[in-house]
Amino acid sequence: MKSVLGDRKTILLLLLPALVIYTLITIVPVLWSFGLTFFTGSILEGFEFNGIENFQRLFSDQYVADAFWFTIRYALLTTLFQVVLGFGLALLYHFVLRRSSVIVRTLVFFPVVLPTVAIGILYQKLFQSAPGDGLVNELLVNVGLSNIDWLGDGATAFVVIVIMDVWRSAGFYGILVFSGLLDIPDEIIESARLDGAKSFSLFRYIVLPMSLPILFASMIFSINGTIKVFDSVFALTAGGPGNATTPLTMYMYRTAFQYSDFGYGSTVALVLTIMCLLITLVIFRSSRRDNTV
């Protein structure tokens with residue numbers, strides 16, 4: 001086996017099928033999409049070279065600006081709650097519930113496997129204000145408050161979207177961070193306790209520093225997923241009211257597939273790609289800096 005794996009030609013031969021498939025389904029579409037940023041038109045109408053006009057249009061498009069800021073606000077806020085809540089759940093599983101956490105982990109993880117459309121319909125019913133009040137508005141009325149048109153206003157619709165996505169993904173990040181906590185040696189925890197370390201000191205000086213790698217990994221998972229959000233917003237608000245909850249992905253989809261402007265849609269897609277790369281690089285640099293301290 002060592003002689004086989006030591007032969008570069010054999011290694012290249014073994015990797016070649018995977019590399020070909022990866023190139024065809026990933027690299028080629030990315031390059032093709034980048035090339036389309038210099039054209040306008042569609043497959044049916046044909047493409048016409050327009051130079052950098054798509055980029056000029058991008059920087060003057062108010063809809064892109066609104067979608068960009070919605071995406072940034074949504075990604076940062078949702079990532080924060082997903083990772084923090086996932087970390088809290090992981091601590092609960094590992095240090096409080098211990099072996100009895102299996103049932104709780106299963107129940108909390110259950111929303112992760114539910115269809116996005118089903119979750120969207122559920123939250124529409126929970127937060128609806130017409131033709132009748134949903135459960136949330138019923139509770140507000142019962143405690144003496146007025147009902148709220150949650151999905152009829154951009155600010156409150158944004159809150160509902162964040163709540164829905166944090167609720168459905170908390171179980172995943174809880175399990176992800178929990179797997180990282182399992183790698184902390186029990187001997188270190190027990191030694192710290194024998195030395196008189198209290199719960200907060202144990203968390204501050206042992207659990208948190210040793211959890212940083214999995215927390216950074218969770219942040220990368222979350223931020224890349226939230227920047228590319230589409231299905232949950234489409235299922236709950238379809239980008240409304242108006243364009244108040246339209247992320248860049250949905251604007252890209254409408255531009256390319258509803259308005260048949262593949263060139264400008266590819267330009268918006270390029271912005272998304274650059275955003276994901278930059279944020280991932282920032283997180284990696286931060287993690288490397290923390291590891292060298």
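The requirement of being farther than 28 Å from Val108 by Cβ, open to solvent by 50 Å² or more (accessible area, probe 1.4 Å) and under 30 Å from the mean Cα position of the chain (by Cα) is not satisfied by Asp183.
Is it the case, given these coordinates, that Ile27 is at pLDDT below 90, under 21 Å from Leu272 (Cα atoms) and of a type in the set (A, V, I, L, M, F, W, C)? When the stated conditions are applied, Ile27 passes them.
Restricting Ala197, Ala155, Ala217, Ala238 to those that are of a type in the set (A, V, I, L, M, F, W, C), open to solvent by less than 50 Å² (accessible area, probe 1.4 Å) and not in a loop (DSSP other than H, G, I, E, B) reduces the list to Ala217.
Listed here are the residues, each with its yes/no results for (1) touching a helix residue (DSSP H, G or I) at 6+ places or on another chain (Cβ under 6 Å); (2) surrounded by 13 or more Cβ atoms within 10 Å (Cβ to Cβ).
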site	(1), (2)
Glu187	no, no
Met210	no, yes
Pro213	no, yes
Phe221	no, yes
Tyr253	no, yes
Thr267	yes, yes
Val271	no, yes
Ile279	yes, yes
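Looking across Val141, Val136, Val117, Val162, one residue alone is touching a Ser or Thr at 6+ places or on another chain (Cβ under 8 Å) and at pLDDT 90 or above. It is Val162.
Ser211 satisfies every condition listed in (1) at pLDDT 90 or above; (2) over 16 Å from the mean Cα position of the chain (by Cα); (3) under 30 Å from Gln62 (Cβ atoms) except (3). Gly46 fulfils the conditions (1) more than 30 Å from Ala157 (Cα to Cα); (2) surrounded by 16 or more Cβ atoms within 10 Å (Cβ to Cβ) except for a single criterion, (2). Residues that are open to solvent by 60 Å² or more (accessible area, probe 1.4 Å), among the charged types (D, E, K, R) and either touching a residue at least 40 places away in the same chain (Cβ under 8 Å) or farther than 24 Å from Ala244 by Cβ (or both) do not occur anywhere in the range 102-114. Counting only residues that are modelled with pLDDT under 90 and among the β-branched types (Val, Ile, Thr), the range 43-82 holds 1 of them.
Here's the yes/no breakdown for (1) open to solvent by less than 100 Å² (accessible area, probe 1.4 Å); (2) out of contact with any Ser or Thr (no Cβ under 6 Å at 6 or more places or on another chain); (3) more than 29 Å from Ile220 (Cα to Cα); (4) not in a helix (DSSP H, G or I):
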residue: Leu14; (1), (2), (3), (4): no, yes, yes, no
residue: Leu19; (1), (2), (3), (4): yes, yes, no, no
residue: Gly51; (1), (2), (3), (4): yes, yes, yes, yes
residue: Val64; (1), (2), (3), (4): yes, yes, no, no
residue: Ala75; (1), (2), (3), (4): yes, no, no, no
residue: Phe87; (1), (2), (3), (4): yes, yes, no, no
residue: Ala90; (1), (2), (3), (4): yes, yes, no, no
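When Asn243 is tested against (1) open to solvent by 10 Å² or more (accessible area, probe 1.4 Å); (2) assigned to a helix (DSSP H, G or I), exactly one condition is not met: (2). Taking each residue of the range 155-178 that is farther than 16 Å from Thr245 by Cβ and looking for partners that are open to solvent by 10 Å² or more (accessible area, probe 1.4 Å) and outside any helix (DSSP H, G or I) with beta-carbon atoms closer than 7 Å, six or more apart or interchain, yields Arg168/Leu114. Restricting attention to the range 22-34, the residues that are free of Cβ contacts under 8 Å to residues at least 12 places away in the same chain and either buried (at least 17 other Cβ atoms within 10 Å of the Cβ) or of a type outside the set (Ser, Thr, Tyr) (or both) add up to 7.
Here is the figure for the range 115-144: residues that are open to solvent by less than 80 Å² (accessible area, probe 1.4 Å), β-branched (Val, Ile, Thr) and either touching a Pro at 6+ places or on another chain (Cβ under 7 Å) or touching a residue at least 12 places away in the same chain (Cβ under 8 Å) (or both) total 3.
The values are calculated or read from the model by the stated rules, or taken from the named source; none is laboratory data. Since the model is a prediction, treat every value here as computed from it, not as a measurement. Don't worry about glycine lacking a Cβ; one is built from the backbone with ideal geometry, like all the others, and counts go over all protein chains shown. Accessible surface areas use protein heavy atoms only, side chains included; no ligands, DNA or RNA. Shrake-Rupley method; radii C 1.70, N 1.55, O 1.52, S 1.80 Å.
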